[in-house]
Amino acid sequence: MPNQPEAKNWPRWFDPRSRSLGTFGFILNRITALALTLYLILHLIALGQLAQGPAAYDGFIALVKNPLFKLGELLVIAAGVIHGLNGIRIALNSFGIGVRRQRSMFVILMALAVLCIAFFGWKMFMEG
Amino acid sequence: MEGSLTPKRLEGSGRWLIKIIAGLFIVVFLGIHFVVNHLVAPGGLLTYADVVAYYQNPVIVVMEVAFLVVVITHAFLGVRSILLDLNPTAWVLRAANVLLVIVGAAAVIYGAWLALTIANVKI
Amino acid sequence: MTGSTWQVTFKVYRQRTGEKPSHQSYSLDVDPDEYILDAVERIWAFHDRTLTYRHACHHSTCGACGMRVNGREKLTCITTIRSVTRNGGTVRIDPLRNFPVISDLVVDMGNFFLRMEKSGFDSVVPLDKANLPYESTITRVSEHKHEAERLADCIECGLCISACPAANTDHEYIGPAVLASIHLMYTQSPSQALIDQADHHTGLWRCHSAYECTQVCPSGVDPAWRIMDMRKKIIGNRIKSIFTRPNEDKKNA
């Protein structure tokens, strides 16, 4: 029957139409969670280069100085900062703290996230 | 409760608490990891020699391995929670549990081995 | 009634058993201060007698007329046409999400009502328990509040379940209304049975803090607050149980 809860409805998790700010928080948290898990696995594999000795690791670092890689790294930092700050909000709410102010908490924390991302972006791209 | 055969609890306050506490540890460790890697170490840990020097300190080795443990715990409990949102069948969940435990344990063992290998490199 | 007239097109979800769902358009002259439910009724009365929909009290106490208006969950008897469109505009009307559609705008709420019953939901509650701690009690009955009762806020309309992302993919998730009911009953009479229902993968832990339930609730239940408060109680109990000896547990049970 249509309209029923089913696993195949999962794309609708990411549809913000007709939804409120809290859903944006949910969507951001879910996307950053999956992205960071993927990054974690890639990061661990890449660090295996360390075990191959100086030539392998330094060669790998030369590769990631490429601006495209740097942009990817900035996205990872963005995901980490957003997920972390949102997670702190959710943890506090689950202990009964700030539930009625969850919207303003979300706005303030995401503004802080934007500042952090801008700071790291500047450091990475301007200072090399 | 009459007539209620409550199905086995696949996720409860215990596992959720572990996920949240791991998350809070991540915030702390990641802060340290970030500050050292990108702000304290001159030029960041971007040469082999710098990484080896960093890992000579046993506190760092312990911290980085602890960091890996809490990250894997948080990430994999989170992924499992997302899977539970899809109401998987019992065998899919069982397979996922096994996969997550094996991959998680392998990642921790691999990471610890890597950290110790680097720590034991003769400068 | 303001006396002004708007021309509004209503795109209404139509669904018959075995047929593909579709939207049918009806163009109506309406008073913008009338309600969406009035428009649906007029469509049925004067345009299409095959349209099925649910309604009863027309004053937000029965919870029967919940629908999605332009994608957003609303109690249509208290949603003015003016609040969702403009003159010459279009209003899309769909049934609540996450409930099986029986026909057109009518959904099967049976499972939901059974779950509310299982949570022990009693719609008559003591006044001092009916309000949330952050709501002030009516002062003129405050000296009698231990005797006074009122109807609970929840009218079992199901809007919260329609708006919840977790309820979109998991039919076993009991949902915000049921969790709110568990919280309400727990504040009156704490029991392990209620904790067992809440502290479960089909209960509190499917909530991922989207807070849509509180956003769409037409009745001030604040299910999200109740869910978080229930989490706080359960986590508190769990942490306490680490430091409490088993004998003391049995003594206190």
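The values are calculated or read from the model by the stated rules, or taken from the named source; none is laboratory data. All values derive from a computational prediction rather than experimental measurement. Positions of Cβ are generated from backbone atoms using ideal geometry, with glycine treated the same way; all protein chains shown enter the neighbour counts.
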Here is a list of conditions, (1) over 20 Å from the mean Cα position of the chain (by Cα); (2) exposed (fewer than 12 other Cβ atoms within 10 Å of the Cβ); (3) at pLDDT 95 or above, and B:Asp85 meets all of them except one; can you say which number that is?
(2)
Residue set C:Ile242, C:Ile227, C:Ile235, C:Ile195; condition more than 24 Å from C:Gly63 (Cβ to Cβ) and within 14 Å of chain A (Cβ to nearest Cβ); output residue C:Ile235
Quick one: how many residues across segment C:54-71 are under 15 Å from C:Arg97 (Cβ atoms) and surrounded by 20 or more Cβ atoms within 10 Å (Cβ to Cβ)?
4
Check C:Ser142 against each of (1) assigned to a helix (DSSP H, G or I); (2) at pLDDT 95 or above; (3) not β-branched (Val, Ile, Thr) and name the one condition it does not meet.
(2)
Are any of the residues in segment C:209-226 touching a His at 6+ places or on another chain (Cβ under 6 Å), in the same structural domain as C:Pro133 (by TED's automatic domain parsing) and over 21 Å from C:Gly110 (Cα atoms)?
yes
Go through C:Arg49, C:Arg54, C:Arg82, C:Arg86 for me and flag whichever is touching a Pro at 6+ places or on another chain (Cβ under 7 Å), over 16 Å from C:Cys217 (Cα atoms), part of a loop (DSSP other than H, G, I, E, B) and outside the structural domain of C:Ile155 (by TED's automatic domain parsing).
C:Arg82
Taking segment A:80-104 and the residues there that are surrounded by fewer than 21 Cβ atoms within 10 Å (Cβ to Cβ) and more than 10 Å from every other protein chain (Cβ to nearest Cβ), the one that is farthest from A:Ala118 (Cα to Cα) would be A:Arg101
Those helices (runs of 4 or more DSSP H) lying entirely in segment A:54-128 with at least 2 residues in contact with a Phe, Trp or Tyr (Cβ under 9 Å, 6 or more places away or on another chain) and without any contact (Cβ under 8 Å) to a residue 40 or more places away in the chain:
A:54-64, A:67-94
How many residues does segment A:17-32 hold that are within 20 Å of C:Ala224 (Cβ to Cβ), over 18 Å from the mean Cα position of the chain (by Cα) and not hydroxyl-bearing (Ser, Thr, Tyr)?
1
May I ask you to verify whether C:Pro223 is in contact (Cβ under 8 Å) with a residue 60 or more places away in the chain and touching a Pro at 6+ places or on another chain (Cβ under 6 Å)?
yes
Pull up segment C:120-131, narrow it to residues that are modelled with pLDDT under 90 and either assigned to a loop (DSSP other than H, G, I, E, B) or under 19 Å from the mean Cα position of the chain (by Cα) (or both), then point me to the one that is surrounded by the most Cβ atoms within 10 Å (Cβ to Cβ).
C:Ala130
Going residue by residue through segment B:37-44, is there one that turns out to be in a helix (DSSP H, G or I) and under 19 Å from the mean Cα position of the chain (by Cα)?
yes
Residue under question is A:Gly48, and the condition is that it be assigned to a helix (DSSP H, G or I), within 9 Å of another protein chain (Cβ to nearest Cβ) and touching a Leu at 6+ places or on another chain (Cβ under 9 Å); does it hold?
yes
Select from segment C:22-58 the residues that are over 25 Å from the mean Cα position of the chain (by Cα) and more than 16 Å from C:Asp104 (Cα to Cα) and list them in ascending order.
C:Ser27, C:Leu28, C:Asp29, C:Val30, C:Asp31, C:Pro32, C:Phe46
Have a look at C:Glu156, C:Glu172, C:Glu147, C:Glu117 and point out the one that is among the acidic types (Asp, Glu), assigned to a loop (DSSP other than H, G, I, E, B) and within 12 Å of another protein chain (Cβ to nearest Cβ).
C:Glu172
